[in-house]
Amino acid sequence: MSGVLVIFSGPSGVGKTTITRAVIDRVADTQLSVSATTRPQRAKEVEGVDYFFVSRERFAEMEASGEMLETARVFDNFYGTPAEWVREQMDAGKVVVLEIDVQGAILVKQRMPDAFGIFILPPSEEALLQRLRDRKREPEDVIQRRFAEAKTEIAAARASGAYDLFITNDDLDRAIAEAVDAVETRRVGSA
Ligand code: 5GP
């Protein structure tokens, strides 16, 4: 395999998706891996673009037959990265981006130690709570649950050893520039 595998993680509301999309747009030959999930499809999500939405039965089947590079349970739903597509893209020399949680990142790092792990941090806990509220996506009790989960996830990420770089999203343009730079450097280093 000659490509580069990049993992992006971070709690919800931290700007992770925006930063990940910017890296994919700006770094040449970079592809986003589309995960399979048992979570219900949200209004604006597109099958095969945001996720492959599958039943619990199908997910269990994919797991059992070794089709997944990693899987994790997040907020009562299952998520997993289809392995074959990742392998094909890596063989073609691409940069493959996984946007996955800490449990998944730990598994990927065990199987592929050369993977480059980036964790996106909020500037502060207060800022994260404010961002979750500003999205106006969930009721307050769900926001509080996500906030508590986020704090646990940050602590788990720090303790995991799965991340090579922690980027604080205090300024979006700066955080994007740091992420782009890090992925570019990694790609050049592996070529
Ligand atoms: P959401 O349901 O909001 O799209 O995602 C919830 C969490 O699941 C996010 O932290 C996201 O990064 C993570 N996630 C999405 N796909 C995968 C995957 O394939 N594997 C793992 N381990 N986590 C995933």
Task: Alpha-carbon gyration tensor eigenvalues x 5, square-rooted, for segment 4-189, Å - done: 24, 22, 15
Task: Beta bridges per DSSP with both ends in segment 4-189, % antiparallel, nearest 5 - done: 30 percent
Task: For segment 35-147, with +1 on Lys and Arg beta carbons and -1 on Asp and Glu, the positive-most of Ile143, Leu107, Ala64 along the dipole - done: Ile143
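Can you give the longest run of the chain that contains no trypsin sites (Lys or Arg not before Pro) sitting in a DSSP loop with at most 14 other Cβ atoms inside 10 Å? Spell out each step's value before the answer.
Details: sites that count: Arg42, Lys44, Arg135, Lys136, Arg137.
Here the longest segment lacking exposed loop sites spans 45-134.
With +1 on each Lys and Arg Cβ and -1 on each Asp and Glu Cβ, how big is the dipole of the chain about its Cα centre, in debye rounded to the nearest 20?
Values: 25 positive and 32 negative charges, 49 e Å.
Result for the chain is approximately 240 debye, rounded to the nearest 20.
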- [ ] Enumerate the calculated ³J(HN,Hα) couplings along segment 71-78 in order (Karplus 6.51 cos²θ - 1.76 cosθ + 1.60, θ = phi - 60°), each rounded to whole Hz, writing x wherever the residue is Gly or Pro.
- [x] 9, 7, 9, 10, 6, 6, 10, 9
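Read-outs throughout are calculated quantities, based only on the coordinates presented, and are distinct from any laboratory measurement. Worth saying up front: this structure is predicted, and the values here are computed from it rather than measured. Glycine also receives a Cβ, built like all others from the backbone with ideal geometry; neighbour counts cover every protein chain displayed.
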